[in-house]
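K.L.:
Below are the structure tokens for one structure; questions will follow.
The values are calculated or read from the model by the stated rules, or taken from the named source; none is laboratory data. No experiment lies behind these values; they were computed from the predicted model shown. Glycine also receives a Cβ, built like all others from the backbone with ideal geometry; neighbour counts cover every protein chain displayed.
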Protein chains: 2
Amino acid sequence: MASRFQFNISATDGAARTGMITTPRGEVRTPAFMPVGTAATVKGMLPGSVAETGADILLGNTYHLMLRPTAERIAALGGLHGFMGWDRPILTDSGGFQVMSLSGLRKLTEEGVTFKSHIDGSKHHLTPERSMEIQRLLGSDIVMCFDECPALPADRERIATSMELSMRWAARSKQAFGDRPGHALFGIQQGGLEQDLRAASAEALQEIGFDGYAVGGLAVGEGQEAMFGCLDYAPGQLPHDKPRYLMGVGKPDDIVGAVARGIDMMDCVLPSRSGRTGQAWTRRGQVNIRNARHADDPRPLDEECTCPACRTYSRAYLHHVTRSKEMIAGMLLTWHNLHYYQELMAGMRAAIAAGTFAAWQAQFHALRAEGDIEPL
Amino acid sequence: MASRFQFNISATDGAARTGMITTPRGEVRTPAFMPVGTAATVKGMLPGSVAETGADILLGNTYHLMLRPTAERIAALGGLHGFMGWDRPILTDSGGFQVMSLSGLRKLTEEGVTFKSHIDGSKHHLTPERSMEIQRLLGSDIVMCFDECPALPADRERIATSMELSMRWAARSKQAFGDRPGHALFGIQQGGLEQDLRAASAEALQEIGFDGYAVGGLAVGEGQEAMFGCLDYAPGQLPHDKPRYLMGVGKPDDIVGAVARGIDMMDCVLPSRSGRTGQAWTRRGQVNIRNARHADDPRPLDEECTCPACRTYSRAYLHHVTRSKEMIAGMLLTWHNLHYYQELMAGMRAAIAAGTFAAWQAQFHALRAEGDIEPL
């Protein structure tokens with residue numbers, strides 16, 4: 001194992017890159033999709049099953065963990081990895097995004113944010129310094145700066161003010177993070193859909209200096225076209241030789257479009273959340289397994305998929321257990337969705353390495369355009 | 001694989017027996033505990049995980065499956081085994097017990113029972129003939145006679161009338177079942193807590209002739225002392241050389257007491273249902289993992305247990321995910337409970353084979369009397 005955090009790009013194809021992040025906890029093949037383990041569990045999955053899907057790294061949520069069971073408790077128990085039974089790398093967010101989403105329950109100042117817990121209404125304070133402390137207590141391998149971002153659309157002044165505050169918080173985050181060999185700190189670019197503000201943010205972050213850079217403040221209501229418009233320039237404003245992380249994205253076609261624009265890492269609750277509501281993602285797009293057309297269908301969700309749901313079960317079974325609200329429905333569909341997402345990433349990595357990513361994308365879109373298999 | 005249903009006793013110790021049921025689908029080591037897979041899934045478990053706990057056989061519920069997804073649909077899809085991904089033996093109940101539990105929603109006649117679905121209020125009819133047809137459509141390996149039983153306490157006349165009806169239904173079940181090599185049909189003894197009625201029922205069943213015999217009508221509110229009182233004589237009224245199945249039992253000490261009295265098979269929802277509500281069963285008795293005393297406890301539920309919950313997780317983690325209502329809580333605790341139940345059965349089988357079952361029982365009770373480990 002490496003003793004420090006490294007990133008190496010092994011191939012590029014257009015703006016897309018493939019490579020490897022190396023940490024003392026293990027390697028992360030990029031482009032990487034990180035399943036979300038909000039409250040110290042990827043909902044509906046055992047950690048060994050998450051690893052079986054091909055995930056190299058998980059995301060943990062500072063906001064949820066600080067409230068329950070608390071970062072101090074997890075630290076006393078030896079850290080998040082052992083607590084949740086996942087020994088590979090973990091990236092933690094800063095808590096900022098989720099606290100900002102608690103409209104009405106929070107108060108923002110230069111110092112930080114005061115908010116009330118959604119669990120018991122208790123009052124909490126988050127600052128760049130406290131976020132760094134929590135992420136250290138959790139034992140996170142990749143720590144995110146504490147930042148603030150407005151929902152889009154927002155006016156330019158609100159976006160500029162927010163970005164500037166986030167840059168001051170980024171400097172405080174770096175200062176508080178200190179020197180922690182083997183652990184990485186990522187800065188977060190803000191600036192909404194304003195190219196010059198994004199450039200200013202990228203410049204401010206690089207002056208501070210980080211191990212990786214996130215494109216923040218997207219996937220907050222702007223739509224795919226606007227997001228891709230921003231990704232046409234934002235990754236290029238960030239250092240070429242550091243990982244670029246697009247936070248909270250997304251649907252499979254969002255992910256493919258982001259990778260094509262130079263993104264190396266992503267996370268999203270979508271594959272797991274969809275799985276718990278009967279939604280499956282396949283090479284042919286989205287399938288609502290609750291639909292009555294699946295009730296007698298002996299075929300698997302995707303005949304080429306090798307996940308346990310597709311290897312063992314018919315659409316009829318998945319339909320039955322979803323309708324019956326059985327736990328196995330969420331377990332199998334989450335597994336399938338995470339498996340599909342990891343296959344998607346593996347396919348892109350191979351295509352970028354082979355220099356055939358354009359053809360791979362054409363095939364990806366062509367199969368989705370065909371749509372799901374016809375009912376029997 | 002055997003081409004027909006067989007039962008062989010390899011050792012006895014007092015009234016307790018150990019042996020093997022052989023079916024074309026596989027072997028069942030007795031005494032056997034059958035996890036309940038009500039709606040074509042053992043709640044919270046993948047079938048491979050159920051097999052890993054050591055279960056040789058599952059129970060499926062005719063009542064639930066006939067309503068959703070329907071027996072005809074499962075038959076068209078190739079049967080219950082393939083549908084739910086479990087290729088080992090399956091025993092199905094007759095639907096009788098669950099229909100009888102629908103008080104107010106059902107009407108009982110000599111012919112059978114008319115009832116309304118708890119799912120959509122639709123009207124259904126169950127008779128011995130229809131129950132046999134449904135269990136055949138499901139592809140059940142061990143089919144149960146359609147019977148009727150009153151909740152206890154009930155007066156002697158109600159018990160006698162009900163038992164006699166069940167015996168007429170047993171004859172009709174046998175007739176309707178016909179000759180199905182490789183599949184077994186079990187009769188169900190009734191008679192409440194009346195020894196002479198139990199004897200008459202056992203005699204009536206043996207005149208018809210079955211591949212195995214259940215002790216029915218217990219675990220319906222009479223309490224452990226009364227149940228054991230009945231089990232002191234009921235198994236001995238049934239043939240020695242056929243499996244004896246105690247339906248719907250029970251807690252670990254119920255199970256041990258039943259095996260000591262000559263029972264070979266049992267089923268119960270308890271280990272899986274308990275697991276979904278934060279209740280764990282260990283060698284030291286019941287543990288409520290929701291209790292605050294576990295919040296900081298780094299120790300496993302049971303340090304000698306080899307299940308994934310005990311191998312990987314602390315009580316603190318199990319407490320956290322249970323309090324947080326995470327799916328993994330029910331998944332891990334169900335796995336642990338089913339694992340513990342199967343270890344219990346394996347322990348009893350080994351002790352009976354070694355002729356040390358009395359000492360084994362003393363140890364079982366002594367450890368439970370000590371109670372759960374002290375808080376840190």
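K.L.:
Go through A:GLY229, A:GLY248 for me and flag whichever is closer than 28 Å to A:ALA362 by Cα, in the same structural domain as A:VAL113 (by TED's automatic domain parsing) and part of a helix (DSSP H, G or I).
P.N.:
Matching residue, one of A:GLY229, A:GLY248: A:GLY229.
K.L.:
Kindly provide the set of residues from segment B:337-375 that are free of Cβ contacts under 8 Å to residues at least 12 places away in the same chain and surrounded by fewer than 13 Cβ atoms within 10 Å (Cβ to Cβ), ordered by number.
P.N.:
Once the filter is applied, which keeps residues that are free of Cβ contacts under 8 Å to residues at least 12 places away in the same chain and surrounded by fewer than 13 Cβ atoms within 10 Å (Cβ to Cβ), segment B:337-375 yields B:ALA359, B:ALA362, B:ALA366, B:ALA369, B:GLU374.
K.L.:
Could you please let me know if B:THR22 is assigned to a strand (DSSP E or B) and among the polar types (S, T, N, Q)? First the steps, then the outcome.
P.N.:
On the way: assigned to a strand (DSSP E or B): yes; among the polar types (S, T, N, Q): yes.
Judged against the criteria, B:THR22 is a match.
K.L.:
Also, I was wondering about something else. Select from segment B:317-340 the residues that are under 16 Å from A:HIS64 (Cα atoms) and touching a Leu at 6+ places or on another chain (Cβ under 9 Å) and list them in ascending order.
P.N.:
If the condition is that a residue be under 16 Å from A:HIS64 (Cα atoms) and touching a Leu at 6+ places or on another chain (Cβ under 9 Å), then B:TYR317, B:VAL321, B:THR322 are the ones that fit.
K.L.:
Of all residues in segment B:69-110, which are surrounded by 14 or more Cβ atoms within 10 Å (Cβ to Cβ), in contact with a Ser or Thr (Cβ under 9 Å, 6 or more places away or on another chain) and more than 28 Å from B:LEU246 (Cβ to Cβ)?
P.N.:
B:PRO69, B:LEU77, B:GLY82, listed by residue number.
K.L.:
Further question on the same structure: Suppose the filter is within 30 Å of B:TYR317 (Cβ to Cβ), touching a strand residue (DSSP E or B) at 6+ places or on another chain (Cβ under 7 Å) and in the same structural domain as A:ALA200 (by TED's automatic domain parsing); does A:SER140 pass it?
P.N.:
So A:SER140 fits the description; yes.
K.L.:
For segment B:59-81, which positions are out of contact with any Asp or Glu (no Cβ under 8 Å at 6 or more places or on another chain) and either of a type in the set (Val, Ile, Thr) or not assigned by TED's automatic domain parsing to the domain that holds B:LEU246 (or both)?
P.N.:
Those that are out of contact with any Asp or Glu (no Cβ under 8 Å at 6 or more places or on another chain) and either of a type in the set (Val, Ile, Thr) or not assigned by TED's automatic domain parsing to the domain that holds B:LEU246 (or both): B:THR70, B:ILE74.
K.L.:
What is the one condition in (1) of a type in the set (D, E, K, R); (2) touching a helix residue (DSSP H, G or I) at 6+ places or on another chain (Cβ under 6 Å); (3) farther than 24 Å from B:ALA214 by Cα that B:GLU303 does not satisfy?
P.N.:
Answer for B:GLU303: the failing condition is (2).
K.L.:
Separate question: Within segment A:236-255, which residues are crowded, with 23+ Cβ neighbours inside 10 Å and in contact (Cβ under 8 Å) with a residue 40 or more places away in the chain?
P.N.:
Passing the criteria: A:LEU238, A:PRO243, A:TYR245, A:MET247.
K.L.:
What single numbered condition from (1) of a type in the set (D, E, K, R); (2) more than 14 Å from every other protein chain (Cβ to nearest Cβ); (3) surrounded by fewer than 19 Cβ atoms within 10 Å (Cβ to Cβ); (4) in contact (Cβ under 8 Å) with a residue 60 or more places away in the chain fails to hold for B:GLU27?
P.N.:
(4)
K.L.:
Any idea which of (1) in a helix (DSSP H, G or I); (2) crowded, with 17+ Cβ neighbours inside 10 Å is the one A:PHE146 doesn't satisfy?
P.N.:
(1)
K.L.:
Then there's this: Where in segment B:30-111 are there helices (runs of 4 or more DSSP H), lying fully within it, with 1 or more residues that are away from every other protein chain (no Cβ under 14 Å) and among the aromatic types (Phe, Trp, Tyr)? Spell out the reasoning first.
P.N.:
On the way: elements: B:47-52, B:62-67, B:71-76, B:80-84, B:96-100.
Result: B:96-100.
K.L.:
Got a sec? Which of A:GLY104, A:GLY139 is modelled with pLDDT of 95 or more and at positive phi?
P.N.:
A:GLY139
K.L.:
In this structure, is A:GLY262 more than 14 Å from chain B (Cβ to nearest Cβ) and in a loop (DSSP other than H, G, I, E, B)?
P.N.:
Answer is yes for this residue.
K.L.:
Sticking with this one: For segment A:275-361, list the helices (runs of 4 or more DSSP H) that sit wholly inside it and hold at least 3 residues that are under 19 Å from the mean Cα position of the chain (by Cα) and within 14 Å of another protein chain (Cβ to nearest Cβ); which are they? Quick ask: steps written out before the conclusion?
P.N.:
Numbers: elements: A:308-312, A:315-323, A:327-354.
Correct list: A:327-354.
K.L.:
Sticking with this structure for a sec: Examine segment B:3-17 for a residue that is of a type outside the set (Lys, Arg) and within 14 Å of another protein chain (Cβ to nearest Cβ), and state whether such a residue exists. Steps first, answer last, please.
P.N.:
Filtering segment B:3-17 down to residues of a type outside the set (Lys, Arg) leaves B:3, B:5-16.
Now drop any that are not within 14 Å of another protein chain (Cβ to nearest Cβ), which leaves none.
So far as segment B:3-17 goes, no, none of its residues is of a type outside the set (Lys, Arg) and within 14 Å of another protein chain (Cβ to nearest Cβ).
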